[in-house]
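J.: This is the structure, below, for whatever I ask next.
None of the figures in this text is laboratory data; all of them are computed from the coordinates on show. Keep in mind that what you see is a predicted model, and the values were worked out from it rather than measured. Neighbour counts are summed over all protein chains in view; Cβ atoms, including those assigned to glycine, are modelled from backbone coordinates with ideal geometry.
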Amino acid sequence: MYRKATRPLVLFVILAFAAGMSALAADKLPPENAGTIGQPEGKIAFIRDKNIWYMNVDGSNQTLLCEVANADSRLTWTPDNKSVLFTRKGTYDLQGPDMMGGHHKVYDLFYAYLDSAANGNTMFWRRITDDLGSRDPDWSLGDNKILFTKDLSAKYASASLPDYKICKMNPDGSGLEILRKEWQVVENPEDKKFLIFPTISTKGELAFVYFENLQPYGLGVVPPGGANISLDSIKILADGGKKCVAPAWSPDGKWIAYVMNDINANALYITTPDRKENYLVFEPPVGTYIYTIAPSFSPDSKWITFATTDGSVWIVDITGNGTKRLTPSGLDKSPAWSKAVK
């Protein structure tokens, strides 16, 4: 938290996606529309008390992976399942002259390695960014790149507001690409609009949360190459996804999971890419809520893992059945399902 201080493509995007943005359906996905749902497989990485852990999908063999004491936000596995990409959080405090001061959060991305943990070394990690503004990674399987959010203002002590951009880079941290071009234009710092918390399909379709005045407005989806449409058009897309946050693409590209960020209607949903179909997957127990951190699909796209605010990790299939709590109430969040082994 920082201290206070019409083109053809546009028309196509609005018609293609806004048309399906009606009120959310409360129905669950019919089993006949889900395909065969087998037993869940793989491993789940998660954050426990600011450290990185992993476990089997039945909750067994919970193992400390990386002891960093400041892990935060979304996790993602590398495609070979040998490491986990994660965010570490810090703060920048300023005590300036003339009563000027405040603080803002800073972030960078790191790898944790399963073979290191297996050899008893949980204090090993590798830094991938050093700009103090990179966070919330998602793996872009279509081109084997890292998709993430970067705050271009984070490294400046005098910055009073963030300047978030959706970016891509190579797995080694090289080849930075800023997907939207409005970063080249000076904007009114008091009226910031952002696309953050990105996730991408293997076809290059981009889902994100549109922020306005430092508040989440809603979920938007654009086709490949559509990231540079105007912010006015982006807002129209997000109108149909108000209060929908924390999106995550399924590996098969058929679904986007998201969280309804409404204290009176908090729940986990899935939607089709065109937003015409929305299905309820999970409603949390009374007195708890679903963390507004992106859930994660299993490699076969039939299961989802997520966390609730009582600090426990769950799995559920896409029809809303097979629900299982993997960890008890505690300090757990940000689960991420391992990728398919090729």
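J.: Quick one: what pairs do we get from region 162-183, first residue on the phi > 0 side of the Ramachandran plot, second of a type in the set (A, V, I, L, M) and surrounded by 14 or more Cβ atoms within 10 Å (Cβ to Cβ), C-beta under 9 Å, 6+ apart or different chains?
T.: 173/109; 173/128; 173/146; 175/169
J.: Give me the residue from region 55-86 that is assigned to a strand (DSSP E or B) and in contact with a Pro (Cβ under 7 Å, 6 or more places away or on another chain) and, out of that set, farthest from residue 140 (Cα to Cα).
T.: Within region 55-86, the match that is farthest from residue 140 (Cα to Cα) is 74.
J.: Another question about this same structure. Would you say residue 271 is of a type in the set (S, T, N, Q) and either surrounded by fewer than 22 Cβ atoms within 10 Å (Cβ to Cβ) or touching a Lys or Arg at 6+ places or on another chain (Cβ under 8 Å) (or both)?
T.: It is false that residue 271 is of a type in the set (S, T, N, Q) and either surrounded by fewer than 22 Cβ atoms within 10 Å (Cβ to Cβ) or touching a Lys or Arg at 6+ places or on another chain (Cβ under 8 Å) (or both).
J.: Are any residues in region 279-300 crowded, with 20+ Cβ neighbours inside 10 Å and among the small types (Gly, Ala, Ser), and if so, which ones?
T.: Within region 279-300, 294, 296, 298 qualify.
J.: Follow-up question, since we're still on this one. Would you point out which residue out of 273, 295, 299 is within 24 Å of residue 139 (Cβ to Cβ) and under 16 Å from the mean Cα position of the chain (by Cα)? Write out each step before concluding.
T.: Details: 273 fails: under 16 Å from the mean Cα position of the chain (by Cα); 299 fails: under 16 Å from the mean Cα position of the chain (by Cα).
Just a single option satisfies the conditions, and that option is 295.
J.: Still on this structure, I have one more. Condition first: in a loop (DSSP other than H, G, I, E, B) and among the aliphatic types (A, V, I, L, M). Now tell me which residues in region 290-330 satisfy that.
T.: Once the filter is applied, which keeps residues that are in a loop (DSSP other than H, G, I, E, B) and among the aliphatic types (A, V, I, L, M), region 290-330 yields 293, 294, 318, 326.
J.: Condition first: under 21 Å from residue 315 (Cβ atoms), among the hydroxyl-bearing types (Ser, Thr, Tyr) and over 21 Å from the mean Cα position of the chain (by Cα). Can you find one or more residues in region 54-69 that meet it?
T.: First, the residues of region 54-69 that are under 21 Å from residue 315 (Cβ atoms): 54-65.
With the extra rule that they be among the hydroxyl-bearing types (Ser, Thr, Tyr), the set shrinks to 54, 60, 63.
Remaining after also requiring over 21 Å from the mean Cα position of the chain (by Cα): 60, 63.
Within region 54-69, one or more residues are under 21 Å from residue 315 (Cβ atoms), among the hydroxyl-bearing types (Ser, Thr, Tyr) and over 21 Å from the mean Cα position of the chain (by Cα).
J.: Now, a different point. If you check every pair at least six apart or on different chains, which have Cβ atoms under 6 Å apart with a residue in region 213-235 that is closer than 22 Å to residue 259 by Cβ first and a residue that is of a type in the set (D, E, K, R) second?
T.: Between residues of region 213-235 that are closer than 22 Å to residue 259 by Cβ and residues that are of a type in the set (D, E, K, R), the close pairs are 218/242.
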